[in-house]
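Data block below; observations after.
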Amino acid sequence: MTDPAWGTVDAYLESKLLPHDPVLEACLRTSAEAGLPNIQVSPIQGRLLYLVAKSIGARRILEVGTLGGYSATWLARALPAGGRLVTLEINSKHAEVARTNFARAGLADRVEVRLGPALETFPRLAAEGAGPFDLFFLDADRPNNRAYLDWILRLSRVGSVLMVDNVVRRGEVADSTSDDPSVRGVREMIDTLAAEDRVSATAIQTVGKKGYDGFLLARVERPTPDGLRGGVEGVRPANEDPPR
Ligand code: SAH
Ligand code: DHB
Ligand code: MG
């Protein structure tokens with residue numbers, strides 16, 4: 001299911017709303033030349049990530065799934081002076097391309113790429129006392145989405161926002177009989193959110209040059225009793241807005 005109008009409208013919106021951006025274009029070109037898959041967010045979606053980050057005043061951002069650093073570049077540009085973005089990537093080539101792109105973008109001082117399976121990096125971040133993060137962008141291997149959500153909640157505070165890419169996938173998310181591990185991973189994440197009364201979540205179906213898909217958007221609304229989720233040593237529970 002794709003309608004040619006979706007791509008046409010994306011091109012129209014890009015031409016009107018997004019100025020020519022040599023840094024982002026170089027990021028895409030470098031990524032393509034290195035043979036990375038063409039699966040980064042679209043420019044229109046990158047701008048959305050930027051606007052969300054800016055609108056909530058995000059100072060600490062955590063991304064899962066770096067690829068060539070395209071979405072991370074949008075997000076990092078929204079950071080105020082002293083802000084940090086940590087992005088988790090399993091593939092050393094992707095991480096290397098991304099680091100090149102961050103350096104060219106002048107963002108190397110703000111962005112840290114953590115190489116490794118995210119399920120191994122998350123406990124390290126927690127043990128280091130990282131967080132709470134103001135904004136999370138989850139865009140990696142969807143079979144692990146529920147496990148990632150658990151870590152994200154541990155590294156969050158009241159007011160933290162989560163965006164998740166690729167939650168609709170041509171409508172497959174609504175298929176309760178699907179045995180696709182990615183569909184199941186997204187559905188399990190949504191089940192967790194449905195059962196989690198600390199969090200408000202919604203999702204927006206999207207069409208565009210990347211086809212028919214969607215973003216999930218969630219906000220941590222209430223603190224969790226200490227230890228409810230097994231409490232990780234050294235991690236502040238999501239009990240407080242950050243000091244101002
Ligand atoms: N956010 C990027 C696109 C990410 S594509 C953008 O929009 O620009 C998904 C990325 O997740 C790929 O680079 C892939 O290597 C990475 N990934 C897949 N499984 C992972 C895992 N277990 N841990 C960390 N990264 C993973
Ligand atoms: C795929 C992954 C993505 O994160 C995305 O935005 C689009 C496609 C994929 O694995 O095909
Ligand atoms: Mg994606």
**Fill in**
The summed charge of the GLY69 Cβ neighbourhood (under 11 Å; Lys/Arg +1, Asp/Glu -1) stands at -1
**Whole-percent carbon and sulfur share, accessible surface of the stretch 97-155, 1.4 Å** = 48
**Item:** Among LEU18, LEU155, LEU28, residue whose mean-square fluctuation peaks in a GNM of the chain (springs only between Cα atoms under 10 Å)
**Value:** LEU18
**Å² per residue, accessible surface of the stretch 66-110 at 1.4 Å** = 38
**Asked** Carbon and sulfur together cover what percent of the accessible area of the stretch 161-209 at a 1.4 Å probe radius?
**Response** 46
**Complete:** Any residue on another chain or 5+ positions along whose placed amide H is under 5 Å from the amide H of LEU138 is listed here as VAL64, MET163, VAL164, ASP165
**Interchain or long-range residues, amide H under 5 Å from ARG114's placed H** = THR87, LEU88, GLU89
**Asked** Once phi is turned into ³J(HN,Hα) by the Karplus curve 6.51 cos²θ - 1.76 cosθ + 1.60 with θ = phi - 60°, what whole-Hz value does each residue of the stretch 142-158 show in order, with x for glycine and proline?
**Response** 5, x, 9, 4, 5, 4, 5, 4, 4, 5, 4, 5, 5, 9, 10, 9, 4
**Prompt:** Each residue of the stretch 40-57 in order: what ³J(HN,Hα) in whole Hz does its phi give by Karplus 6.51 cos²θ - 1.76 cosθ + 1.60, θ = phi - 60°, with x for Gly and Pro?
**Reply:** 5, 4, 6, x, 4, 6, x, 4, 4, 4, 4, 5, 5, 4, 5, 5, 8, x
**Request:** In Å³ and rounded to a whole number, note down the convex hull volume per residue for the Cα atoms of the stretch 129-169.
**Result:** 73
**Item:** Principal axis dimensions, largest first and in whole angstrom, of the stretch 182-224 by Cα
**Value:** 39, 20, 9
**Fill in**
Inter-part gap, Cα centre of the stretch 128-202 to Cα centre of the stretch 18-86, in whole angstrom, is 20
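Which number comes out as Rg/Rh for the stretch 1-53 once both Rg and the Kirkwood Rh are worked out on C-alpha atoms?
Answer for the stretch 1-53: 0.99.
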**Prompt:** With the chain treated as a Gaussian network of Cα nodes joined by springs under 10 Å, which of ASP180, ASP21, ASP165 yields the largest mean-square fluctuation?
**Reply:** ASP21
**Message:** Report the per residue volume, in Å³, of the convex hull enclosing the C-alpha atoms of the stretch 13-82.
**Reply:** 98
**Request:** Considering only DSSP beta bridges where both residues belong to the chain, give the percentage that are antiparallel (nearest 5).
**Result:** 45
**Request:** Enumerate the lysines that LYS54 could reach by cross-link, defined here as Cα to Cα under 24 Å, with residues fewer than 8 away along the same chain left out.
**Result:** LYS16
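Counting each DSSP H run of 4 or more residues in the chain as -39500 (n - 2.57), what helix-only mean residue ellipticity at 222 nm follows after dividing by all residues, to the nearest 500 deg cm²/dmol?
That calculation yields -12000 deg cm²/dmol at 222 nm.
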**Asked** With a Cα-only, solvent-free Debye model of the stretch 42-137, what are the log10 I(q)/I(0) values at q = 0.14, 0.15 Å⁻¹?
**Response** -0.45, -0.52
**Request:** Go through the stretch 124-132 residue by residue and turn each phi into a ³J(HN,Hα) via Karplus (6.51, -1.76, 1.60, θ = phi - 60°); whole Hz please, and just put x for glycine and proline.
**Result:** 5, 4, 4, 5, 6, x, 5, x, x
**Request:** Pull up all non-local amide H partners of THR206: gap of 5 or more, or a different chain, and H-to-H distance under 5 Å with H placed in the peptide plane.
**Result:** ASP213, GLY214, PHE215
**Prompt:** In the Gaussian network model of the chain, springs joining C-alpha atoms below 10 Å, which of GLU120, GLU63, GLU172 carries the largest mean-square fluctuation?
**Reply:** GLU120
**Message:** Pairwise over distinct Cα atoms, reciprocal of the mean inverse distance: report the Kirkwood radius of the chain in Å, one decimal place.
**Reply:** 18.4
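The values are calculated or read from the model by the stated rules, or taken from the named source; none is laboratory data. Everything numeric here is computed off the predicted structure, so don't read it as measured data. Glycine gets a Cβ as well: all are built from the backbone with ideal geometry, and neighbour counts include every protein chain shown. The area values use the complete protein model at the heavy-atom level, side chains included, leaving out ligands, DNA and RNA. Shrake-Rupley method; radii C 1.70, N 1.55, O 1.52, S 1.80 Å.
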